[in-house]
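Comments concern the structure below.
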Amino acid sequence: MTGTVYKEIRQNLPVLLIALFAPLAGYALMVLFYLIMRGDRGILTGNDVSYFEMLLPGDNSFLFVWKLLGLLMIYYCAGSITTNLFSADEKKKWSYFMASTPRGVKRQIYGKYVILVMIYGTFLVSQIFTEGFMNWLGWLDTGKVLPSFTNVYILMFFVQLLLRALEIPFLARYGVKVGIVMRLTVLGTAVVAFMIWLLFAPSAFDIIKNISEHLADFIMNFNAERMTDYMTFFISLLPCIAIPAYILSYFISCKGYLKGVTNYDK
Amino acid sequence: MTNKKQGAKRLVIFLVLAYAIAWIPWIIMNANYDFKDWFMSGDGGVFMWLTLLTGGAPAIAAVLTRLITKEGLYDGMLRLKLRGNIKYYVIALLVPLAGGLIRGAVLLAGLNTVNDTLSPLMRSSLVMQAFWMSLVMAFNTFGEEYGWRAYMNPKMESLMGKPAAVIVGGILWGVWHAPLTVVGHNFGTDYWGFPWLGIVMMSGYCICTGMFLMWLTQKSGSVYPAAIAHAANNNGSLYMAAAVSGGLTATAGAVFSEALAGIAVQAAIYALFGVLLVLDSRRKKIN
């Protein structure tokens with residue numbers, strides 16, 4: 001086999017495998033949280049609830065909230081995949097070699113965009129399948145249908161495409177180093193702000209519990225399609241913006257890529 | 001072993017596996033649960049994982065057959081081949097959606113009942129969803145198309161020629177749906193000749209749809225346009241029909257009259273691509 005997409009698959013096979021198995025690993029991690037929270041020394045006392053019952057929203061919804069937080073973390077980390085993709089080929093020799101090929105740098109950039117969709121797509125399919133399987137096990141255990149986040153996963157897939165569409169031209173033009181500095185600055189600021197708020201705001205923990213309950217309601221309503229027409233319209237609009245933005249981003253990246261090569265160290 | 005014999009052997013192994021991987025779970029589930037509970041429960045359903053897995057039976061069968069018969073896993077149809085073929089990707093998306101549009105108009109004309117009136121905002125949302133849901137669901141329909149179009153059809157064509165491959169392939173694809181058809185998936189259960197007429201109609205519909213999907217695959221050299229078209233046919237066209245008509249009584253054609261309107265319109269459109277297939281074959285013979 002030949003081609004830049006094949007090269008990207010070979011180069012990023014570990015990432016593809018992580019995308020495939022990460023949802024299962026996430027559920028395994030939640031088993032660990034469950035074992036910590038349950039029992040005499042755990043947070044959860046007085047209620048003998050099963051692992052799957054804690055995945056239901058309600059009084060014992062710790063795992064449900066952890067699942068949501070875990071999703072947010074994973075999707076934030078998904079951004080780092082992009083920087084790794086570009087840093088792997090951030091060499092002047094390679095870039096000028098690709099520029100000398102018949103299709104030029106377009107083929108190089110094309111491979112990056114395709115592999116990103118493959119990684120996010122693999123993660124999406126794996127998430128839906130793994131969650132479906134775990135919900136089946138939960139139904140066998142509890143007799144209840146556990147909430148499914150399929151709509152959220154699909155929405156987040158397109159949010160990721162839109163974020164990458166905004167980020168990649170910047171990476172292509174200025175290089176990965178600048179991108180990493182920007183990402184760390186944003187993350188650091190957010191973490192510091194959150195810590196300050198947690199330490200000094202009155203009733204911070206009550207607010208977090210309140211938000212988690214409302215978030216659970218929103219997710220449940222979103223899944224049950226109990227939304228207003230306006231919400232449905234804007235949520236339906238997002239993918240229609242994300243897909244053309246991703247394609248347009250490809251053309252912009254092609255334009256700026258060779259200028260960005262001059263910033264590489266070697 | 002001659003190439004034809006080898007091809008026939010691989011085809012038989014593929015078909016046995018594709019049927020077994022899908023039919024065994026479907027028959028067990030039909031025997032133990034109501035169809036609406038296990039197959040039609042949507043993304044919140046507890047058996048969604050099984051629906052996804054069995055829906056991908058043709059792809060799983062194709063991979064297993066390649067491994068068993070040492071054919072190798074490399075398949076050129078897995079390449080996107082966008083260059084020069086964008087038009088086939090666009091046709092793959094737009095033709096089924098256009099079929100959905102016409103289907104919605106037929107429903108609105110009063111040939112069938114609709115039970116909902118949607119606001120303009122919701123109709124716009126359905127139109128947008130028709131487009132991108134077709135792309136998302138292509139991840140799912142790839143599981144069928146990699147088996148039927150990328151593996152089965154080329155093998156059949158080399159054995160029996162293109163016209164027979166289209167007809168036999170369509171019948172096999174339609175009969176593959178039989179455990180679902182007999183419990184009401186495609187046409188409901190309330191019609192004359194249930195369930196045998198349903199299986200015959202499904203086979204006929206699959207023959208016509210197969211013409212379109214085969215044309216897309218052969219023209220683009222890739223399986224992805226067929227996967228997108230299949231998803232657009234299954235999901236996108238329903239959204240379009242609902243946007244135009246104001247709603248359908250059920251998704252997935254569980255009401256016979258709505259299903260008949262749908263497949264009649266879309267089968268007629270897809271059959272046109274059968275004509276293109278024949279013309280392409282003649283052009284190749286002349287050249």
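The values are calculated or read from the model by the stated rules, or taken from the named source; none is laboratory data. Quick caveat, the model's predicted, so the values are computed rather than measured. Cβ placement follows ideal geometry from the backbone for every residue including glycine, while neighbour counts extend to all protein chains displayed.
Yes or no, residue by residue, for (1) β-branched (Val, Ile, Thr); (2) within 23 Å of A:Lys67 (Cα to Cα); (3) part of a helix (DSSP H, G or I):
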{"residue": "A:Pro147", "(1), (2), (3)": "no, yes, no"}
{"residue": "A:Phe158", "(1), (2), (3)": "no, yes, yes"}
{"residue": "A:Leu161", "(1), (2), (3)": "no, yes, yes"}
{"residue": "A:Lys177", "(1), (2), (3)": "no, no, yes"}
{"residue": "A:Thr189", "(1), (2), (3)": "yes, no, yes"}
Filter result for B:Gly99 (under 22 Å from the mean Cα position of the chain (by Cα) and more than 14 Å from chain A (Cβ to nearest Cβ)): yes
Unmet requirement for A:Val186, which otherwise passes all of (1) within 18 Å of the chain's Cα centre (by Cα); (2) within 14 Å of another protein chain (Cβ to nearest Cβ): (2)
B:Ala31 assigned to a helix (DSSP H, G or I) and touching a residue at least 24 places away in the same chain (Cβ under 8 Å): no
Cross-chain or 6+ apart pairs with Cβ under 9 Å, the stretch A:234-254 first and within 8 Å of chain B (Cβ to nearest Cβ) and part of a helix (DSSP H, G or I), then among the acidic types (Asp, Glu) and crowded, with 17+ Cβ neighbours inside 10 Å: none
Candidates B:Tyr151, B:Tyr191 - the one that is in contact (Cβ under 8 Å) with a residue 40 or more places away in the chain and not in a helix (DSSP H, G or I): B:Tyr191
First in the stretch B:125-143 and over 10 Å from A:Ser236 (Cβ atoms), second anywhere and of a type in the set (S, T, N, Q) and assigned to a helix (DSSP H, G or I), Cβ under 8 Å, 6 or more apart: B:Ser134/B:Asn235; B:Met137/B:Asn234; B:Met137/B:Asn235; B:Thr141/B:Asn234
Failed item, numbered, when A:Gly111 is tested on (1) of a type outside the set (Lys, Arg); (2) at the interface with another protein chain (Cβ under 10 Å from one of its Cβ atoms); (3) outside any loop (DSSP other than H, G, I, E, B): (2)
Residues (assigned to a helix (DSSP H, G or I) and either free of Cβ contacts under 8 Å to residues at least 12 places away in the same chain or small (Gly, Ala, Ser) (or both)) located in the stretch B:175-188: B:Ala178
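For (1) modelled with pLDDT of 80 or more; (2) surrounded by fewer than 17 Cβ atoms within 10 Å (Cβ to Cβ); (3) more than 8 Å from every other protein chain (Cβ to nearest Cβ), each residue gets a yes or a no:
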position: A:Glu90; (1), (2), (3): no, no, yes
position: A:Tyr120; (1), (2), (3): yes, no, yes
position: A:Ser148; (1), (2), (3): no, no, no
position: A:Ile154; (1), (2), (3): yes, no, no
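A quick yes/no check of all residues on (1) surrounded by fewer than 24 Cβ atoms within 10 Å (Cβ to Cβ); (2) not hydrophobic (A, V, I, L, M, F, W, C):
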residue	(1), (2)
B:Gly147	no, yes
B:Lys155	yes, yes
B:Met160	yes, no
B:Ala226	no, no
B:Ser245	no, yes
Checklist (1) surrounded by fewer than 14 Cβ atoms within 10 Å (Cβ to Cβ); (2) assigned to a helix (DSSP H, G or I); (3) of a type in the set (Lys, Arg) applied to B:Arg66, failing item: (1)
So B:Gly84, is it surrounded by fewer than 16 Cβ atoms within 10 Å (Cβ to Cβ), under 30 Å from A:Ala242 (Cβ atoms) and away from chain A (no Cβ under 12 Å): yes
